[in-house]
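Step one of this worksheet: look at the structure below.
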Amino acid sequence: MQTFTPTDSVEASDDTSFDDLDSLLTESVQIKADAKRLIDGRKRIKAGAYGLNAIERAQLEDDIARIELSREWLPKADVAMFSVQTCQCCSAVSAVFTGFFQRQSHRSLRHTDRWIAAPEHASDGLPKEIKNTDSTIVACPFCIGDFGYPVEQLGVDYSEEVME
Ligand SMILES: [Zn+2]
């Protein structure tokens, strides 16, 4: 029986290259610039009337909301996501790649992560991880023939001889 044993996760590397330092520095400068714009923007709105018309105020509020939102979640890792399926019928395990994602941690809520689709797979020097979503399935390509379905219509030869 052909099985695939998934790993839970891949440990992040401790290597710190100059590229990583550059990107950290760039991020740090960006965060400081955003923080200054945030503080300045709030001050301007608090000061109220002086110099701001309705459109400028709305733009400033949009800007503040955008910065606040971007500061809520911190990029933590580039993630390759897999769907790992275990067949209830024959116990075969198979893994299907479901895409590249970025894992982000919430700045203030501990142990709160989210995974955002990252089709560009553009790494910012983040550690790489593999994440599995596990599920069980009623039948798989190895045993669907036992259910009376025409395996040949899959277009892929899953016979034992080929797998060995
Ligand atoms: Zn099966």
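Could you run through the range 29-79 and say how many residues are at pLDDT below 80, part of a loop (DSSP other than H, G, I, E, B) and on the phi < 0 side of the Ramachandran plot?
Qualifying residue count for the region: 4.
Could you list, in sequence order, the residues of the range 99-115 that are surrounded by 15 or more Cβ atoms within 10 Å (Cβ to Cβ) and either within 16 Å of the ligand (Cβ to nearest atom) or polar (S, T, N, Q) (or both)?
Across the range 99-115, the qualifying residues are 102, 104, 105.
Got a number for residues in the range 143-157 being part of a loop (DSSP other than H, G, I, E, B) and within 31 Å of the chain's Cα centre (by Cα)?
If we filter the range 143-157 for residues that are part of a loop (DSSP other than H, G, I, E, B), which is where we start, we get 143, 148-150, 155-157.
Checking the rest, the ones that are also within 31 Å of the chain's Cα centre (by Cα) come to 156.
Looking only at that region, the number is 1.
Taking the stated definitions as given, is residue 139 assigned to a loop (DSSP other than H, G, I, E, B), within 16 Å of the ligand (Cβ to nearest atom) and surrounded by 11 or more Cβ atoms within 10 Å (Cβ to Cβ)?
Answer is yes for this residue.
If residue 91 meets every condition in (1) of a type in the set (S, T, N, Q); (2) away from the ligand (no atom under 16 Å from the Cβ); (3) surrounded by fewer than 16 Cβ atoms within 10 Å (Cβ to Cβ) apart from one, which number is that one?
(2)
Among the residues of the range 94-117, are any over 30 Å from residue 73 (Cβ atoms) and modelled with pLDDT of 90 or more?
Yes, the range 94-117 contains at least one residue that is over 30 Å from residue 73 (Cβ atoms) and modelled with pLDDT of 90 or more.
Quick check on this structure: which one of 155, 125, 145 is of a type outside the set (D, E, K, R), within 16 Å of the ligand (Cβ to nearest atom) and out of contact with any strand residue (DSSP E or B) (no Cβ under 8 Å at 6 or more places or on another chain)?
145
If a residue must be crowded, with 16+ Cβ neighbours inside 10 Å and free of Cβ contacts under 8 Å to residues at least 24 places away in the same chain, how many such residues does the range 116-136 contain?
Residues that pass the stated criteria total 0.
What is the number of the single condition among (1) part of a loop (DSSP other than H, G, I, E, B); (2) surrounded by 12 or more Cβ atoms within 10 Å (Cβ to Cβ) that residue 82 does not meet?
Here residue 82 clears every test but (1).
What tally of residues in the range 91-106 results from selecting those that are closer than 14 Å to residue 134 by Cβ and within 10 Å of the chain's Cα centre (by Cα)?
Total satisfying the criteria: 0.
The values are calculated or read from the model by the stated rules, or taken from the named source; none is laboratory data. Just so you know, these numbers come straight off a predicted model, no measurement behind them. A quick note on method: Cβ atoms are made from the backbone with ideal geometry, for glycine too, and the neighbour counts reach across all protein chains shown.
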